[in-house]
1. If you wrap a convex hull around the alpha carbons of region 454-508, what volume per residue comes out, as a whole number of Å³?
2. Which of rounded, prolate or oblate describes region 74-149 when judged by the alpha-carbon gyration tensor and an a/c cut-off of 1.5?
3. Between beta-carbons, use under 13 Å as the cut-off and find the net charge around Tyr501, counting Lys and Arg +1, Asp and Glu -1.
4. Taking other Cβ within 10 Å of each residue's Cβ, how do Arg462, Arg239 sort, fewest first?
5. According to the square roots a ≥ b ≥ c of the eigenvalues of the Cα gyration tensor, what is the shape class of region 216-351, taking rounded for a/c under 1.5, prolate for a/b larger than b/c otherwise, and oblate for the remainder?
6. Could you please state, rounded to a whole Å, how far the C-alpha centre of region 484-498 is from the C-alpha centre of region 268-300?
7. Going through the cross-link list Lys376/Lys463; Lys231/Lys436; Lys150/Lys471; Lys336/Lys404; Lys436/Lys471, which pairs have a Cα-Cα distance over 24 Å in this structure?
8. Can you give the net charge of the other residues whose Cβ lies under 12 Å from the Cβ of Thr234, counting K and R as +1 and D and E as -1?
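We did not get these values from a lab; they are worked out from the coordinates using the rules stated. Note that the structure is predicted; figures quoted are calculated from it, not measured. Cβ sites come from the backbone with ideal geometry, for glycine too, and all protein chains shown count toward neighbours.
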Amino acid sequence: MKPGWLRCVAHENCKRATSPAAKAWIACNHSYALARWSNPLYHGVDRADYSKGSVELRQFNTREADWRTDGNQLSNIRRLVFIVEQKVPKDEEWDGKDEDSWHWLATDTKDVPIGTARLLPDGQIGRMAVLSHYRKFGVGAALLEQAVEKARHLGFSRVFLNAQSHALGFYERAGFIAQGEEFQEAGIAHYRMTQTLTPPEDNIQRRLAVESSLDVAVKSFDTSEVLWVEKSSTLRRIRRQIFQTEQKQPDYKDSDDLDDSAIHWIATNDDDHVIGLIRMTPEGIISRFGILEDHSHPDVDTSLLELAIQRARRFSLTQVFADREFAGKTNDFLVKAGFRVDPNTSRFLLTLEPEDRTVQTPSDGGAAMDSDVTYKLGDDKQLIQLRSESDFRNVILNMTSQAKRSIRIYSPLLSHDLFDHDDLMTICSGLGRRNKFTKIEILVFNPHRMIKNGHALLNIARKLPSSIRIKIVDPEMRQQYHEYVLVDGQGVIYRGEHDTYSGTARFQDITGCNHLDRQFTASWESGLLDPNLRQLSL
């Protein structure tokens, strides 16, 4: 080792070393942490003998947080940093924007919250707060990077923030540029800073294709399924605006008894604002279908209606109905979509063709599972025996292609035979971009081979770091060498030994999924982060 260099002090046999900068990453197969040279030349560090090369280690995790479930933890950190430490007035700190924003939470190795960040729907990053004992270890940089990548993933062309004057250098190193003169905010000197974002390559290609093929301006949008219990206030507000304010429907009610049991979908624009909605009962009755006038476009109507019809087919329904009283300006659209007026009910009626249940084999021609039907996620409870590589590969593709919310993969080696191919990468890419709530989480034992040789899932995880994340299982948590895939909290693919092709699958096994999901969560929360998985310049 070169004189004066740092080395990992956590493990006797570790050979990894780095130069004696004020901050440096030390990564080995055992531990992933930020290290800082413990020399009195650097601020806030205990005295140390430079010749001994001692280091201070800080391990931490960052994740996207949910204000509804993580609000207390996020608030406590901001209260300590802004209100107690920096004397920011309470009414300025709590601005009422948290419920509509994206949040991130940093925790230490004991899952104690140590830092926060927030992204507003208009692209402003703020509420960057790190507890004093954890500053200068890269926590703030990691939180900021996640917020910027989330904005890029959502399609923002730029982000901005109000940086405290003493922190200009920190944000400049992250790619932000100061704009204008210094100003006061909450009694503290600030500068406005901005960063222009380059969209992901696929977004650029998609938009160019749209612009070149259409003569009209098309607003990009996304669609997703939502739960009434979580989004009822938003759905009521949009309904009032569409049906009461814009369509002026008499005696309109923004909710009824059907909402609790119905399936709801929304369309959102680039800023993640809801622009349209639709609902369908389990019996196939479509209602509350409308788009805001400023965002009216056939593609939005079509996408929402297709979601409802696809779900009806999954329910094996042969007909769907649409309430005319709530269709409003969509009457003509429904007729063009194949609906007709049912003389018996005066509703719009669409007759559905039976769903094709033929097994879809992967593009490389691998053998299908030993069945002639497609198993449905959440419906089919029969136990499927898996006895070959092709069995595992096909059932992985079949099940993950039906994911709507989440995919969790626990695989010691994340073998190239089963997981390193374009079909699965395409599935994960589509789910990761579906909406801000979808997630793919992967746990491995040793990422060295996938980093060295490349891996399809690693490639897409680097492009979508806020939606697809990879961690290393803590060595103390590696009691079993099994392998499993969990999909939407319902489907389970299980292999008792990761190096043998013998296992089972169920497309509906909530009990088994919950059992493995708890194991996965425990390993995930204690999991280690390897900077080599993320393509960062630190």
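1. 132 Å³
2. It is oblate, given that a/c is not under 1.5 and a/b is not larger than b/c.
3. -3
4. Taking fewest neighbouring Cβ atoms as first place, the list is Arg462, Arg239.
5. Judged from the Cα gyration tensor, region 216-351 comes out rounded (a/c under 1.5).
6. 34 Å
7. Lys376/Lys463; Lys336/Lys404
8. So the surrounding residues net to 0.
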